[in-house]
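The values are calculated or read from the model by the stated rules, or taken from the named source; none is laboratory data. Remember, predicted model here, so these are calculated numbers, not experimental data. Glycine gets a Cβ as well: all are built from the backbone with ideal geometry, and neighbour counts include every protein chain shown.
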Amino acid sequence: MVVLPLLLFLPLGVWADGMVFPTIAYPARVTIPDQQAALSFSNGVERLVIETRFAGAGSNFAWVVPLPSQPVIEAATPGFFPTLRFLCRPEVRHEVPRFFAGILALIGILTLVCTVRPTGRIQWLDIVACLCVGVAATANSEHKDTIVILFLFVETILFCDVLLIRLAEKPAYNVFAVTFVVGFCLFSMLLPAGLAASKSAVPASPESVSILERKIVGIFETTTIASPDANALQIWLTENGYALPTNAAPVIASYAKAGWVFVASKIHRENDAPASNTPHPLSFTFKTRQPVYPMRLTGLSDHPLKLDLYVLGDTSATAAHCQVEYSLRQDLHHALLQQWFGDSAVITKLSTTLSPADMNEDVWVRLSAGYAERRATFYSQQGAEITALNWGAFVFGIGLLVITGVASFSVGCRARRWRLIGFAAILSMAGTAIIYTWLPQIEVNLVKGRFRHFAHQEMQAVRLALRDQECRTPEQVRATLQAFTSNPTNATDYGLKNWDNEFVGGPFREEDSPGNYLMRGTNKHVKLILINPDGSEMEYETLDLPLHREN
């Protein structure tokens, strides 16, 4: 009965820090591959969404996609793939329960209760037991000042108890009973204070080439062509500005022989500076016998390619040369994902770096017979430390229990018990170090507090900035927001650390991806829409136009 009251000291570090909302850890580095694609397949129809990156100098860029049949081409939104990346992020374990604190506290308190008696002198085991309880009491605190104060507070009380029992020869259970009453009263006073603190805070073409469709899709001008004559296809593509490698003829001939069509797309870049450009994705819906991601034209570049391929459907999926990084059923709340793939889908993320030899064949996707859940798991440094300490404390506790039990029956073990306890301590420390080294770790960003799930702080700064400007049209509002969020100084002025998006990486921007915003305007109103982590939209505020400076 005495042990449980003394455990009241353990939560004091939590309430002293005012911590109620947990800290959420996200991977610090968002890796964007050279190409990203998403596909679904049902009843012989595939929807393939592709985003690619171009690098180099020049203002016109050409993109040729071979497909098994004539597709329906649509534009995807810029936030389509950032949302998929966020949904398929690895699990990061950061807020791990501190079981080691309870184990250390239990060991220390049981040692004090069972061994401290009036003897006239202090034993070294008394000091070790007091230290165990003090360390356990401060395990939940994150502030150095709080840790020092709380540690000294707990150690003072326990050491006074030991002095009263050992030297003053006071009855042990009477002393511990008084400690319980004092601890309970202090805990009752600090609990409301902790809660209060937590609440503050096209030209002509050869006749043998059939032009099946011309279409403007977003920033792309697309032309779908077909021909059984591979030479005619190559001439048409070259004459219309689609530069192809000199070794493209055999690949084009192979596709043409199989009856495939080619979607030729052009985008326009405003400047000629060498750079990397990621345009919005394109969606292609077409008939095919098996889901496929065409790769053979890309393989002609003679460079390796990092690819992320997302497969959405009712089952998991696999593909040659690809590793399954993620496979989990998700409720889809992002507007475009929901429109194209339904309310719920199993999302399988296939990742790989393909060599030119690997790209001699297209990526044919195999749909599994069932659903196998898979998600990569990593630890933050803190999560790895706590997990290792939990296991180390568990091993030491078990060892101590075994040694104590055997010593009660064996005289020989009783004589060597301190040596055995030391060996158990060394073994637990070595195990802690090994487990910490073995756990997979990742650098993380921490989002803490009640706003951890949304970009409310950024939106609040944006709202205040708009009130300081005289915007009369939606276009002026958009220009003001872009200029405001592109200036790092503005983040500091409005109490933000920076404009970084903790969810999908990059700056805080107008995009339909987690942690970013959308702007929808009419002649009289502008609506600011915040994108939640699951991709759903939340109307943040409606601004009346014309906007005037507040007095």
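Okay, here's what the table says:
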{"item": "Any chance TRP391 is of a type outside the set (S, T, N, Q), modelled with pLDDT of 90 or more, farther than 30 Å from LEU297 by Cα and assigned to a helix (DSSP H, G or I)", "result": "yes"}
{"item": "Only listed residue being modelled with pLDDT of 80 or more and more than 30 Å from ASP126 (Cβ to Cβ), chosen from ALA461, ALA433, ALA425, ALA455", "result": "ALA461"}
{"item": "Any hit, the range 303-317, residues being closer than 15 Å to ASP34 by Cα and in a loop (DSSP other than H, G, I, E, B)", "result": "yes"}
{"item": "Failed item, numbered, when VAL202 is tested on (1) surrounded by fewer than 15 Cβ atoms within 10 Å (Cβ to Cβ); (2) under 30 Å from ILE267 (Cβ atoms); (3) modelled with pLDDT of 80 or more", "result": "(3)"}
{"item": "Selected residue (only one of THR224, THR179, THR238 is in contact with a Lys or Arg (Cβ under 9 Å, 6 or more places away or on another chain), surrounded by 12 or more Cβ atoms within 10 Å (Cβ to Cβ) and either farther than 30 Å from VAL133 by Cβ or at pLDDT below 80 (or both))", "result": "THR224"}
{"item": "Yes/no for ARG289 being among the charged types (D, E, K, R), touching a strand residue (DSSP E or B) at 6+ places or on another chain (Cβ under 7 Å) and modelled with pLDDT of 90 or more", "result": "no"}
{"item": "Filter pass, GLU470 being assigned by TED's automatic domain parsing to the domain that holds THR489, over 30 Å from the mean Cα position of the chain (by Cα), farther than 30 Å from PHE503 by Cβ and surrounded by fewer than 18 Cβ atoms within 10 Å (Cβ to Cβ)", "result": "yes"}
{"item": "Enumeration of residues in the range 354-388 that are within 30 Å of ALA248 (Cβ to Cβ) and either among the aliphatic types (A, V, I, L, M) or outside any loop (DSSP other than H, G, I, E, B) (or both)", "result": "LEU354, ALA357, ASP358, MET359, ASN360, VAL363, TRP364, VAL365, ARG366"}
{"item": "Residue ranges of strands (runs of 3 or more DSSP E) in the range 38-112 with at least 3 members modelled with pLDDT under 85", "result": "54-56, 60-67, 91-93"}
{"item": "Residue satisfying all of: in the range 507-525; in contact with a strand residue (DSSP E or B) (Cβ under 9 Å, 6 or more places away or on another chain) and at pLDDT below 85; surrounded by the most Cβ atoms within 10 Å (Cβ to Cβ) among these", "result": "GLY521"}
{"item": "Matching residues in the range 241-265 - criterion: being modelled with pLDDT under 85, within 24 Å of LYS215 (Cα to Cα) and out of contact with any Leu (no Cβ under 8 Å at 6 or more places or on another chain)", "result": "GLY241, TYR242, ALA243"}
{"item": "Residue that is modelled with pLDDT of 90 or more, among the acidic types (Asp, Glu) and surrounded by fewer than 15 Cβ atoms within 10 Å (Cβ to Cβ), where the choices are ASP308, ASP343, ASP362", "result": "ASP343"}
{"item": "Hits in the range 162-176 (condition: assigned to a helix (DSSP H, G or I) and either modelled with pLDDT of 80 or more or not aromatic (Phe, Trp, Tyr) (or both))", "result": "VAL162, LEU163, LEU164, ILE165, ARG166, ALA172, ASN174, VAL175"}
{"item": "Count of the range 308-367 residues which are farther than 15 Å from ARG85 by Cα and aromatic (Phe, Trp, Tyr)", "result": "3"}
{"item": "Filtered residues of the range 113-161 (kept if among the hydroxyl-bearing types (Ser, Thr, Tyr) and either in a helix (DSSP H, G or I) or surrounded by 19 or more Cβ atoms within 10 Å (Cβ to Cβ) (or both))", "result": "THR115, THR138, SER141, THR146, THR156"}
